Amino acid sequence: MTVPQHLLLVVAGPGGAASSIVEAEAGHPQLSVLDVAATRGDGIFETLSIGAGHPQALQAHLDRFARSARMLDLPVPDLAVWRDAVLTLAALLADHDEAWVKIVLSRGIELPGAAALPTGWAYGTVSPEFRRERTEGVDVVLLDRGLRSDVSATSPWLLAGAKTLSYAVNRAAVREAQRRGADDVVFVSSDRLLLEGPTSTLVVRRGDELATPPDAFGILPGTTQADLFAAADQWGLTTAVVPLAPDDLGAADAAWLVSSVRHAAPVRSVDGTALEVDAPLTAAMNGFLRARRS
Ligand code: PLP
């Protein structure tokens, strides 16, 4: 069976703001070799999950897209146009229980002496199978990100916490985890505070409390974590956004890496030391995340 793939080009209008949507062929080349998305990773993106045709956490993703654009001094994206693009792709993927859409805004084509005209596109396809990660869990290693937890305040030009196209570091970290026999990573700041995964937010359970590190530490504010925290009282849990140290993860009653497409993956070991997998709560969280309709 061929996997359905859909592509829309989001065309920039005056001032660089997105103004219209054009259907395009996902299997055909579309990007110029001069586009700084390709040559410098200079742009932003969002990846959303689509549940049976419904984009999940759509407004939160659009708001974060605009936030990343501000952090990179990109033109303010016209969120109504981007929303339409996501909804159009979601409708095309409505026959699938789980799909995803990625929206990308690049600074565009760099020509000498001319302001770059931003390039935008939205691509959607069916999600892969995550049953093993969602039930058995993932083995993680702690890796030093080499940045202090106050990096956002001291060095905003490092763009910590923006969702930029420069994910080569995040991919390299996962390869390092695999070399160490693990699946995934929790980054640690150089002052030894827990941060996030390369494509996920860390959530720990301590008794009746779910906790996650503050995004002031230069981490991406997670939409999945936000939805889980908003729902926590239905599982009898309170929530806290607090600094966490590596020892807090080892001592946690359970932990998860949570993200839009994979949802909640329980952490089953940290640097080779086993952690309890809370199977009932994991199943409840994933059931809740899959069932979201906005
Ligand atoms: N942190 C990073 C660095 C990410 O790339 C992602 C998602 O890809 C997340 C956290 C989780 O964010 P969300 O739950 O909005 O998918």
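The values are calculated or read from the model by the stated rules, or taken from the named source; none is laboratory data. Nothing here was measured: the structure is a model prediction, and the numbers come from that model. Backbone-built Cβ (ideal geometry, glycine too); neighbour counts: all protein chains shown. Calculation scope for accessible area: heavy atoms of the full protein, side chains included, ligands and nucleic acids excluded. Shrake-Rupley method; radii C 1.70, N 1.55, O 1.52, S 1.80 Å.
Between Arg192, Arg206, which is more than 25 Å from Gln178 (Cβ to Cβ) and open to solvent by 20 Å² or more (accessible area, probe 1.4 Å)?
From the options Arg192, Arg206, the qualifying one is Arg206.
Restricting the search to segment 168-182, which residues are open to solvent by 50 Å² or more (accessible area, probe 1.4 Å) and either touching a Gly at 6+ places or on another chain (Cβ under 9 Å) or under 17 Å from Leu249 (Cα atoms) (or both)?
Passing the criteria: Ala168, Arg180, Gly181.
If I filter segment 250-294 down to residues being touching a residue at least 60 places away in the same chain (Cβ under 8 Å) and among the hydroxyl-bearing types (Ser, Thr, Tyr), which single residue comes out as nearest to Gly181 (Cα to Cα)?
In this case the residue turns out to be Ser269.
I'm checking my understanding of the structure. Among residues of segment 224-239 that are touching a strand residue (DSSP E or B) at 6+ places or on another chain (Cβ under 8 Å) and closer than 20 Å to Ala60 by Cβ, which one is nearest to the ligand (Cβ to nearest atom)?
Thr224
When the residues of segment 188-206 are filtered to those that are over 11 Å from Leu249 (Cα atoms) and not in a loop (DSSP other than H, G, I, E, B), which remaining residue is farthest from the ligand (Cβ to nearest atom)?
Selected residue: Val188.
Please verify whether segment 266-281 includes one or more residues that are assigned to a helix (DSSP H, G or I) and open to solvent by 30 Å² or more (accessible area, probe 1.4 Å).
yes
Please determine, by comparing only the residues of segment 68-78 that are assigned to a helix (DSSP H, G or I) and in contact with a strand residue (DSSP E or B) (Cβ under 9 Å, 6 or more places away or on another chain), which one is farthest from Arg290 (Cα to Cα).
Among those that are assigned to a helix (DSSP H, G or I) and in contact with a strand residue (DSSP E or B) (Cβ under 9 Å, 6 or more places away or on another chain), it is Met71.
In the list Val22, Val36, Val81, Val10, which residue meets the criterion of being among the aliphatic types (A, V, I, L, M) and free of Cβ contacts under 8 Å to residues at least 60 places away in the same chain?
Val22
Only one residue in Ala99, Ala116 is more than 17 Å from Gln56 (Cα to Cα), assigned to a strand (DSSP E or B) and either within 21 Å of the chain's Cα centre (by Cα) or aliphatic (A, V, I, L, M) (or both). Which one?
Within the list Ala99, Ala116, the selection yields Ala116.
Return yes when Val86 is within 15 Å of the ligand (Cβ to nearest atom), of a type in the set (Val, Ile, Thr) and part of a strand (DSSP E or B) and no when it is not.
Considered against the rule, which asks whether it is within 15 Å of the ligand (Cβ to nearest atom), of a type in the set (Val, Ile, Thr) and part of a strand (DSSP E or B), Val86 comes out as no.
Using the structure shown, decide if Ser166 is out of contact with any Cys (no Cβ under 7 Å at 6 or more places or on another chain), in a loop (DSSP other than H, G, I, E, B), under 28 Å from Lys102 (Cα atoms) and not assigned by TED's automatic domain parsing to the domain that holds Ser106.
yes
Within segment 56-74, how many residues turn out to be surrounded by fewer than 19 Cβ atoms within 10 Å (Cβ to Cβ) and either of a type in the set (D, E, K, R) or more than 16 Å from the ligand (Cβ to nearest atom) (or both)?
Residues meeting the conditions: 4.
Taking the stated definitions as given, is Trp157 surrounded by fewer than 21 Cβ atoms within 10 Å (Cβ to Cβ) and of a type in the set (A, V, I, L, M, F, W, C)?
Judged against the criteria, Trp157 is a match.
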